[in-house]
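Reviewing the structure listed below.
Any read-out appearing in this document is the output of simple, stated calculations on the displayed coordinates, not a laboratory observation. All of these numbers come straight from a predicted model, not from anything done at the bench. Cβ coordinates were reconstructed from backbone atoms using ideal geometry, including for glycine residues, and neighbour counts include every protein chain displayed.
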């Protein structure tokens, strides 16, 4: 009888340590501060549709795995990734004086092709976005390009003690870098003239 009790306790502990818990995190975009060099423009762009076409769906962004590669923490954003990306684009354009919500000459649409984070031995995040800019009146495509960013951070906290907010910060940095590259792209700026 004691062996069954011991086996049950060991099984229960194994389930607790290998079960995957879901954590909801906030992702942020920090607009450029006054001291940073950014190329300002004139208000000409409004944001159209931001489509999430990743393999992950909705708000899911990644997992933290234990030393055996088993997922122990699933990471979701508090809002759908398409909404977060749209808000980040709005902040990026506004900080560069490019956002015009009412009578813009151009409309920016984007597809989120990849946005995910993971932690195994390091914290990693990747973001890949395809941006299309159209002339509002004619509907003609004036700019189209892919933008990619990746971030890696070594963390002293591994496996069960990993902090989901740390990896959310790494993911936010990757998203911000991809969006900043897009709105600062020289080809995009030339297309707005």
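Descriptive notes on the structure:
- Extension reserve of the residue 74-residue 137 stretch, reckoned as 0.36 nm per residue once the Cα distance is removed: 18.3 nm
- Residue 105/residue 24 FRET efficiency (R0 45 Å; Cβ-Cβ; nearest 0.05): 0.75
- Inter-label distance, residue 87 to residue 42: 3.2 nm, where each label sits 7 Å from its Cα along the C-beta direction.
- Contour excess over end-to-end distance, with Cα ends at residue 146 and residue 190 and 0.36 nm allotted per residue: 14.2 nm
- By the count of other C-beta atoms within 10 Å, a proxy for reagent exposure, 190, 130 are ordered fewest to most as 190, 130.
- Peptides 79-87, 175-183, 95-103 ordered by packing proxy, namely the average of other Cβ atoms within 10 Å per residue, highest first: 175-183, 79-87, 95-103.
- Put in line by how crowded their Cβ is, counting other Cβ atoms within 10 Å and starting with the fewest, 185, 52, 165 read 165, 185, 52.
- Neighbour counts of C-beta atoms inside 10 Å place 143, 68 in the sequence 68, 143, starting with the fewest.
- Normalised per residue, the volume of the convex hull around the Cα set of region 52-193 (Å³): 108
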